[in-house]
1. Is it the case that some residue within region 522-532 is in contact with a Pro (Cβ under 8 Å, 6 or more places away or on another chain) and in contact (Cβ under 8 Å) with a residue 12 or more places away in the chain?
2. Among the residues of region 320-328, is any surrounded by 19 or more Cβ atoms within 10 Å (Cβ to Cβ), touching a helix residue (DSSP H, G or I) at 6+ places or on another chain (Cβ under 8 Å) and either under 30 Å from Arg99 (Cα atoms) or of a type in the set (A, V, I, L, M, F, W, C) (or both)?
3. Go through Ser426, Ser441, Ser407, Ser453 for me and flag whichever is out of contact with any Cys (no Cβ under 8 Å at 6 or more places or on another chain), within 19 Å of Ile496 (Cα to Cα) and not aliphatic (A, V, I, L, M).
4. Go through region 328-351 and report how many residues are within 33 Å of the chain's Cα centre (by Cα) and not in a strand (DSSP E or B).
5. Among the listed residues Thr58, Thr95, Thr53, identify the single one that is among the polar types (S, T, N, Q) and under 30 Å from Pro320 (Cα atoms).
6. Looking at this structure, is Gly416 crowded, with 17+ Cβ neighbours inside 10 Å and either hydroxyl-bearing (Ser, Thr, Tyr) or under 19 Å from Val331 (Cβ atoms) (or both)?
7. When region 183-208 is examined, which residues are found to be within 18 Å of Phe245 (Cβ to Cβ) and surrounded by fewer than 16 Cβ atoms within 10 Å (Cβ to Cβ)?
8. Given the residues Ser441, Ser426, Ser477, which is the only one that is over 30 Å from Leu202 (Cα atoms) and not basic (Lys, Arg)?
Amino acid sequence: MLSVFKKLSWFFKEQWLRYLLAVTALIIASIIDVLPPKIVGMTIDEIQYQQLTPERLTEILLFYGMLIIGGYAIMFYWDYTLFGGAILLEKKIRTKLMRHFLKMTPAFYGRNRTGDLMARATNDLKAIMMTAGFGILTLVDSTIFMMLIIGVMVFTINWKLTLAALIPLPIMAVLMNKYGKAIHKRFTKAQSAFSDLNNDVLESIKGVRVIRAFVQEKQDQRRFGEKTEDVFQKNVDVAKMDALFEPTIKILVGLAYTIGLGYGSYLVARNEITLGELVSFNVYLGMLIWPMFAAGELINVMQRGNASLDRVYKIFSQKPDVKDPDLPKEVKLPEVIEYKNVSFRYPESDNWVIQHVNLNIHRGETIGIVGKTGAGKTTLFRQLLREYPAPEKGEIQINGVPIQELSLDQTRSWIGYVPQEHILFSKTVRENLLFGCGPKSDEEIKQVLDSASLTKDIENLPEGLDTVVGESGVTLSGGQKQRVSLARALLMDPEILILDDALSAVDGKTEAKIISHLKQERKGKTTLIAAHRLSAVEHADQILVFENGIVVEHGTHEELMKKNGWYKTQYDIQKMEGGGE
């Protein structure tokens with residue numbers, strides 16, 4: 001049960017002073033708490049034996065008042081210190097988790113669903129925070145406070161009465177252990193069900209347009225209802241076990257009261273204890289309710305925290321597929337990028353996605369990549385972006401240095417990437433444009449907007465550059481989102497610009513304007529363009545035609561037109577359809 005504290009030992013070592021002070025304050029508060037019942041008992045005995053004078057009563061009341069004020073101050077201090085530490089732990093693990101997410105590669109996100117990751121970063125972290133706050137409180141109160149009360153009962157009242165009244169305690173320990181194991185098992189299932197629900201809700205929100213288009217609202221509501229019911233039932237299972245704690249403790253405490261009152265009255269009648277000591281004893285028995293309850297809560301909180309910590313640590317145990325080399329080499333600028341007989345397949349697949357690719361790219365060249373859907377165009381780019389480990393066969397070199405011997409920060413700092421799926425944030429157009437490149441003047445932004453043929457579109461927005469685009473750019477059209485993504489990459493002025501079918505949603509004339517601007521402004525810098533419309537790559541220095549992951553044609557536009565292969569056939573078809581206008 002206490003293994004969760006061992007797993008969090010790194011934090012307790014780091015914050016040892018905070019927790020030492022908090023626990024010390026808790027112990028002092030416990031000592032203060034056991035004094036009033038003793039004072040009450042002594043006062044009753046003094047009244048019974050007619051020894052209580054006005055002066056003595058005043059002394060007792062003043063001392064009692066000082067205990068109340070002192071107890072309040074110490075209680076405030078330990079509460080603030082202890083639970084402040086718990087919040088700090090949650091912050092540290094959440095920060096570490098976010099840093100871990102940002103380091104992970106696409107393979108990680110393929111193995112783990114978004115909803116599940118969100119559940120671990122929210123619900124599970126809350127359970128861990130409870131362990132470091134409420135868990136420490138219940139640990140101290142169920143051990144030190146309980147032993148303090150029992151010690152006072154044994155040494156200042158009567159050891160035989162105390163022993164008799166505490167007979168139910170071992171029974172409670174056995175039951176609490178049994179309940180704790182059941183809660184751990186059920187809570188893990190409940191958290192897993194919540195992850196599934198989270199993932200389902202996320203998919204429904206992201207796919208709401210498709211759901212409406214296919215009139216699947218009722219089916220989606222029914223599916224959501226089933227998931228909600230599953231989460232509800234699993235949490236009810238947890239609550240059922242949780243509900244057994246308090247009644248069990250109350251029954252056992254009630255049994256202790258019965259023994260204490262019956263046997264205590266017998267001892268008073270035999271003059272072995274005084275009436276005041278019996279009253280004090282029963283007050284102490286009442287005070288034992290919380291430590292006993294705390295023992296149950298401790299098991300409950302520890303098991304929940306342990307289950308959640310295991311789930312979070314399972315994420316931490318997954319390491320990024322692509323790592324920085326121990327001693328990275330340095331390359332000033334990517335003068336030559338070379339694919340040497342590169343073949344690659346994804347970790348979860350047995351099929352080669354690209355095979356025997358040879359390509360020499362000199363700085364300042366524009367490379368066109370074309371082919372049918374699924375031919376391997378995006379996979380070629382992913383090797384340069386280092387989203388996956390080095391290819392099993394062949395090698396990618398930059399200036400003669402294998403790419404895996406360079407640091408990730410260096411290679412990625414050269415690249416501006418416009419993916420097929422355009423990611424815009426729920427911020428203004430300006431904030432989306434400046435993402436990743438820092439402050440830019442309005443003149444620089446205007447120049448890039450012109451290059452992306454976006455100036456008029458921005459002028460027509462309600463607040464221009466300061467218009468909020470909504471989640472994933474929902475207020476913009478597909479073509480506008482593509483051009484905002486393109487403008488964002490251009491603002492970085494990268495050494496290598498990768499456009500992965502980034503102009504598919506714009507019309508032919510707009511595409512021609514954008515390509516014209518790119519030819520002028522990208523002189524001396526490398527540009528890689530994957531496209532289905534061949535007019536987007538017509539100007540390229542080299543064009544590669546992919547088919548089933550293999551380069552079947554390679555050359556300039558003029559050279560490929562002479563070969564009478566797939567490229568010429570596709571180009572002629574697109575010309576007739578108006579794709580080249």
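1. yes
2. No - not one qualifying residue is present in region 320-328.
3. Just a single option satisfies the conditions, and that option is Ser407.
4. 8
5. Thr95
6. So Gly416 fits the description; yes.
7. Lys185
8. Exactly one residue qualifies, and that residue is Ser441.
The values are calculated or read from the model by the stated rules, or taken from the named source; none is laboratory data. None of the values given here were measured: they were computed from a predicted structure. FYI the Cβ positions are ideal-geometry reconstructions off the backbone, even for glycines, and counts take in every protein chain you see.
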